[in-house]
Amino acid sequence: MNSFFEYFTDIYRAVKSLLTGMKVTGRYFFSPWEIVTQQYPENRKTLKMYDRFKGEVIMPHNEHNEHRCTGCGICETACPNGTIEIIQAKIDMPDGKKKRIIDKHIYHLGMCTFCGLCIKACPSDALAWGQEFEHAVFDRSKLNKTLNQPGSSIIKDIVE
Amino acid sequence: MKEVIHLPVQNVEEEEYHINMGPQHPSTHGVLRLVVSLQGEIVKSLKPHCGYIHRGIEKMCEKDTYPQIIHLTDRMDYLSAHINNHAVCMLVEKALEVEVPERVKYIRTIVDELNRIASHQLWWCSFGMDMGGLTCFFYGLRDREKILDIFEESFGSRLLHSYYTPGGLMMDIHPDFQKNVKAFIKYFRKKIKDYDELLTGNIIMQLRTQGIGILSKEDAISYGVTGPSGRASGFACDVRKHHPYGVYDKADFKEILGTKGDTFERYMMRMDEMLESMKIIEQLIDNIPAGDHTAKMKAVLKLPAGEYFQRVEAARGELGVYVVSDGNKSPYRMKFRSPNFSNLSVLDHISRGCKIADLVAIGASLDYVIPDIDR
Ligand code: SF4
Ligand code: SF4
C-alpha cells in the first residue's frame, strides 16, 4: 500500500515540477514586450554604440586635416602584438635643422587585441577609440590601415 | 579457392570500446577531447586530451612587459577576464610594494563580483542546455547581457576587457556605473527565481544530478579541486574568505559549503554564490571612495629579482600566478595555476561507473573553460 501511495505522489511531484517550469516559459510567451532581442541589422540607422566602445584604433583629425601625432613611436613599442608600424620622415626646418615627422602610421587591425595600451601610452593623445565595429572584409589586406590621412599635418601647438 | 577466416566470436556485451567525446562535442564547451572507455553505456575510464587550443601564453609572457601580460591573461579563462587581470596586477603591485588607492580596490572588487555573476549565468545557460533544456540558454544569456552592457559602457568591451593595469585601472568607471549596477541587482534578484522554477526544481534535472558523480572531501583536496566544485564537497577553499584581497574583508558574505559533493550540490553552489556576490556588491557599491583611479607608477616596470606568487578566487576556482623575475622588465618565467586544469583532472575519478549521459552532466557541473586548461 505504501509503495502504491509513493508511486502516485511521485507522479504528482513530477508533473508539478514540469508545470512550474512551463509556467515560466508560458509567461514569457504571452508577454512579448519582455523580448530583448535587437533587430540587427535592421536597426543599423539607430544603433548607437557606447562612447567608450572599443571598435578600432583611430587618429582623430580636426577640420583642417591636422592630427596630433609627432611620430615618436612610443605606441609602436607599447603594443604587445606589433600591430602598429611607424614610418618616419625627415623635413627641413626653416632654421636649417632637420625634424622628424610622421610619414605613415600603419595600423594592422587584424592583429589588434584591443588592449588599449597604445592609446594610454601616447604622450600627445593622438590616438582614440573608434566606434566602428563592422570590420568584415573580403581581403585581408584591407585591414591594414594608415591612420594619418593623406596630406595631413600636425597641429601646430604640439611639442615633443 | 579463398579460405574463409572465422573471427573469434566476441561477447559484445562485455567488450570495452573507446569513443571520442570531442574535440567538437557541444557538451565539452570547447575543443577538449575525452577518450572514454565504455562497457555498454557505463563509463569504465576516461582520458582527457588537452592542447587543442594551446597558445603558449606562459611562454609569450616571457617576451612581454608586465602591462602587456594583462591582455594575455584575459584570454585564459575568458569568462573571468577581470579576475585573471586582478591576479597579475596584484602580483606586480606586491612586488613593487605599491599601495593602490582605496577607490581602485573597491572598483576591482565590485567588478570581479559582477564578472563572477556573469560567468555563473553563462554556466547556468550551458548547464541547462547540456541537460536538454534549451530555454535556459536564452534566459541566462538575456540576464548576462545586462552585465555585459554595464561592462561595455564602462570598459568598452564585453568579454576581454584588459581593464586593470598594474597600479590601478585603465580609466575611471562610467558616471552611470553605480546606478546601472544597482538597477541590475534589483532586476536579477527577481529573475533568479525564474532560474529556480525552470531548472532547479525540475524533476528530470534532479534525478539526473542527485547522487551522481560524487566527489569526497579528501579527493577534492588531493586533486586540488577548488572553486564551487571543491566547496560542494565541503572543502573550504574560498580565497576571498581565507586570504582576503581587494576589499573582501570589508564585505560580509558567507562561504557557501556543501556536504554531499554530487552534481546537484555543485549546481547549487553556483546558484547560491550568485546571491552572495550580489550581497557583496550591494554592500560596496554605495561606498566607493573618491580618489584617483590609478597609483603613480614608473613608465617601465621592473620587478626586483626574486620569486612572487599571488592567488585570487576566479569564477571556477583558485587562480595562482607565479613569477620568477631576474630584474628585467619582463618575467624570466611565468606560471599560471589554472583552476580548470585541476578540476578537469578529477573528471576520470568521479565519472567511473556512471552512464555516458551522466558524464555530460558531471562535465557541465565542473564547468570547465578549455582555453584556461590549455593556456
Ligand atoms: S589596442 Fe593594443 S593591440 Fe591594438 S594597436 Fe593598441 S596596443 Fe596594439
Ligand atoms: S600616435 Fe602617439 S605614440 Fe604613436 S607615434 Fe604618434 S605621437 Fe607617438
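I want to verify a result. In a Gaussian network model of chain A, Cα cutoff 10 Å, which of these has the top mean-square fluctuation: A:60, A:123, A:41? Among A:60, A:123, A:41, the largest GNM mean-square fluctuation belongs to A:41.
Note on chain B: with a GNM built from Cα contacts shorter than 10 Å, the maximum mean-square fluctuation among B:258, B:140, B:306 falls on B:306. Stokes-Einstein, applied to the Kirkwood radius of chain A over Cα pairs at a viscosity of 0.692 mPa s and 37 °C, places its translational diffusion at 159 µm² s⁻¹. Given R0 = 35 Å, the distance between the Cβ atoms of residue B:18 and residue A:81 translates into a calculated FRET efficiency of 0.30. With N as its number of residues, the stretch B:16-374 has a Cα radius of gyration that, divided by 2.2 N^0.38 Å, comes to 0.98. A cut-off of 5 Å between modelled amide H atoms, ignoring neighbours fewer than 5 places along the same chain, links residue B:318 with B:226, B:227. Shown in residue order for the stretch B:95-112 are the 3J(HN,Hα) couplings computed by the Karplus curve 6.51 cos²θ - 1.76 cosθ + 1.60 at θ = phi - 60°: 5, 8, 6, 9, 9, 7, x, 4, 4, 4, 4, 4, 4, 4, 5, 5, 5, 4 Hz (x for Gly and Pro).
Database remark: amide H of residue B:34 closer than 5 angstrom to the amide H of B:21, B:22, B:49 (H placed geometrically; neighbours at sequence offset of 5 or more, or on other chains; Pro and chain starts carry no H). Taking 7 Å steps out from each Cα toward its Cβ at residue A:98 and residue B:328 produces label points 3.2 nm apart. A convex hull fitted to the Cα coordinates of the stretch B:105-251 yields 141 cubic angstrom per residue. Backbone geometry of the stretch A:57-69 corresponds, through the Karplus equation with coefficients 6.51, -1.76 and 1.60 at θ = phi - 60°, to 3J(HN,Hα) couplings of 8, 10, 10, x, 10, 8, 5, 8, 6, 10, 10, 10, 7 Hz, x marking Gly and Pro.
Note on the stretch B:19-120: lysine pairs with Cα distance below 29 Å, sequence gap of 8 or more or different chains, count 5.
Give me the percent relative contact order of chain B, please, defined on Cα pairs under 8 angstrom at least 6 residues apart.
On the way: 705 pairs, mean separation 96.7, N = 375.
The value is 26 percent.
Between the helical axis of B:356-366 and the longest alpha-carbon principal axis of chain B there is an angle of about 10 degrees. Normalising the average separation of contacting C-alpha pairs (under 8 angstrom, six or more residues apart) by the number of residues puts the relative contact order of the stretch B:44-133 at 22 percent.
Modelled label positions at residue B:189 and residue B:214, each set 7 Å beyond Cα in the direction of Cβ, lie 3.8 nm from each other. Note on residue A:58 and residue B:249: the model spin-label points, each 7 Å out from Cα along the C-beta direction, lie 4.6 nm apart. Applying both filters, DSSP loop and at most 12 other Cβ atoms within 10 Å, to the GluC sites (Glu not before Pro) of the stretch A:10-90 gives A:42, A:63. Helix B:263-285 and the longest principal axis of the C-alpha atoms of chain B enclose an angle of approximately 10°. Would you mind getting me the FRET efficiency between residue B:5 and residue B:204? Use the beta-carbon distance for r and R0 = 45 Å, nearest 0.05. The value I calculate is 0.40. For a 4.7 Å threshold on C-beta separation, the list of partnerless cysteines in chain A reads A:69, A:72, A:79, A:112, A:115, A:122.
Across A:16, A:104, A:142, mean-square fluctuation computed from a Gaussian network of chain A (C-alpha pairs under 10 Å connected) peaks at A:16. Estimated from helices alone, the mean residue ellipticity of the protein assembly as shown at 222 nm is -12000 deg cm²/dmol (sum of -39500 (n - 2.57) over DSSP H runs with n ≥ 4, per residue).
Computed from the Cβ-Cβ distance with R0 of 51 Å, the FRET efficiency linking residue A:20 to residue B:94 stands at 0.55.
To test your reading of the geometry: what angle, between 0 and 90 degrees and rounded to tens, separates the Cα axis of helix A:2-29 from the longest principal axis of chain A? Approximately 40 degrees, to the nearest 10.
So what is the diffusion coefficient of the stretch B:243-335 in µm² per second by Stokes-Einstein at 4 °C and 1.567 mPa s, using a Kirkwood Rh over Cα pairs?
Details: Rh = 16.8 Å.
This corresponds to a translational diffusion coefficient of 77 µm²/s.
Its residue count N sets the reference 2.2 N^0.38 Å, and the alpha-carbon radius of gyration of the protein assembly as shown equals 1.12 times that reference.
Counting only DSSP beta bridges with both residues in chain A, the antiparallel share comes to about 90 percent.
No lab work stands behind these numbers, since they all come straight from the coordinates. Since we're looking at a predicted model, the values are computed, not measured. With ideal geometry, Cβ positions are generated from the backbone for all residues, glycine too; neighbour counts draw on all protein chains shown.
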